[in-house]
Amino acid sequence: MERGLDVDAETVVVVGGGPAGLLAAQRLAEAGHRVVVYEAQATVGRKFLVAGHGGFNLSNAEPLSLFETRYAAQHPQFARFLAHFSPSDLRQWASSLGISTFVGTSGRVFPTEEHKPAHLLRAWLGHLEQLGVTIQTRHRWLGFAGATGLRMRQETTGEELTVHPAATVLALGGASWSKTGSDGQWVHALQELGVECIPFAPSNCGAEVVWSPFFRDKVGRVPLKNIALTCGSHTVRGEVLLTDYGIEGTPVYALTPQVRAALSHGTTATLLLNLKPDVSPDQLLQKLQQRRAGTSLASFLASALRLGPPIPTLLRELYPTLPSSPADLVQVLTQLPIPVRGLRPLDEAISTAGGVAWTEVSDALMLHRRPGTFVAGEMLDWEAPTGGYLLQGCFSTGAWVAQGVLEWLEKRSAQV
């Protein structure tokens, strides 16, 4: 069946009810356009809410000149997006919804304690309703139809329909946490159009290490606090968690691009663990030289360096024959090699690399192969570490795309 559902030739359709799509819808509605949002799940913002379970850091307060670099190869593009909708703009946006925020000691931006993710989403949806935005849930996008059409399926009834909007914003997410609707199935429809899509890869995820059965049974899940982790030329401070499959935690997540690159050569990647990053090698050497004969290394590390369990077990696991020389022990304690055999599965990752290639979109993020169709959020091929950069990137691209849609519609109207 082909018909329109709440859509006419003056309506802008947003496909995907995550942060990028909803902010694009808000900006377009505020500019006076009628907007319909289609979402395959029963509710919008599901991944947004799941992300909030880990602390819900909306953004980060570090200077923009540093913030921009968190997007690595896409730094130039995100410099523009962040200038258009900055972390300060995001905080002001939250405030306009009645949600106050604060900057934590790490620089991350959080809603204040009384405001949970559901509070923000509820306030946001209320504002969208006031703006006249229509949200159609349980509607799955199936692909394109003709020059302007979008094929949709009502998931409850199985009814298929085609809508012909004035412009389209695709904001369907990446391919992690598929239970939230972010399953990457949209790739097939874009590839049928000839759009190049970079294969998805896990980002911000745990690293797999082959522990011995003894180590897994004895250590289990234990945090290592105040450490530094290095892969190649990149070093990240923080806390990691030893798990039955390997290691996870913010430093591991931040280094997944480097680990992934190393694994791409078909060999094991190596993470170097510094157990005492606040102590210089010379200071470590002086302390280790004070070890008395007959004192076990485990006892000495615990008393002199506060490296108690599970550090001795970890050292024996990764370095079965520990050196006796204090100078060599310094090397082990500051550059303990952790062999990584792989990254955790795609669906466990917090985010994904891969998606629509940048060569396929204009500066306004409009598909070259389909004028009037724009792409936002994690559908694009970018990645960033946790710490507020992922959500900010989605919000900023959503705001940027909305501006692109407005300019394109205005230009098209002038040509009529």
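On inspection, LEU90 does not qualify as in the same structural domain as THR386 (by TED's automatic domain parsing) and over 19 Å from GLY387 (Cα atoms). Looking at the structure I just gave you, is VAL252 touching a Ser or Thr at 6+ places or on another chain (Cβ under 9 Å) and either in the same structural domain as GLN331 (by TED's automatic domain parsing) or in contact (Cβ under 8 Å) with a residue 24 or more places away in the chain (or both)? No, not satisfied.
Among the numbered conditions (1) over 30 Å from GLU30 (Cα atoms); (2) over 18 Å from the mean Cα position of the chain (by Cα), the only one that SER176 does not meet is (2). Determine, yes or no, whether GLU378 is outside any helix (DSSP H, G or I) and either under 13 Å from the mean Cα position of the chain (by Cα) or among the aliphatic types (A, V, I, L, M) (or both). Criteria not met by GLU378.
Residues considered: THR313, THR250. Of these, the only one that is in contact with a strand residue (DSSP E or B) (Cβ under 7 Å, 6 or more places away or on another chain) and either within 27 Å of ALA207 (Cα to Cα) or of a type in the set (Gly, Ala, Ser) (or both) is THR250.
For PHE374, the conditions (1) closer than 25 Å to ALA261 by Cα; (2) surrounded by 19 or more Cβ atoms within 10 Å (Cβ to Cβ) all hold with the exception of (1).
Step by step: first the residues of region 45-63, then only those that are at pLDDT below 95 and in contact with a Leu (Cβ under 9 Å, 6 or more places away or on another chain), then the one that is farthest from PHE110 (Cα to Cα). Which residue is that? So, considering only residues that are at pLDDT below 95 and in contact with a Leu (Cβ under 9 Å, 6 or more places away or on another chain), the one farthest from PHE110 (Cα to Cα) is GLY45.
The values are calculated or read from the model by the stated rules, or taken from the named source; none is laboratory data. Note that the coordinates shown come from a computational prediction; the quantities given were computed from them, not determined experimentally. Cβ coordinates were reconstructed from backbone atoms using ideal geometry, including for glycine residues, and neighbour counts include every protein chain displayed.
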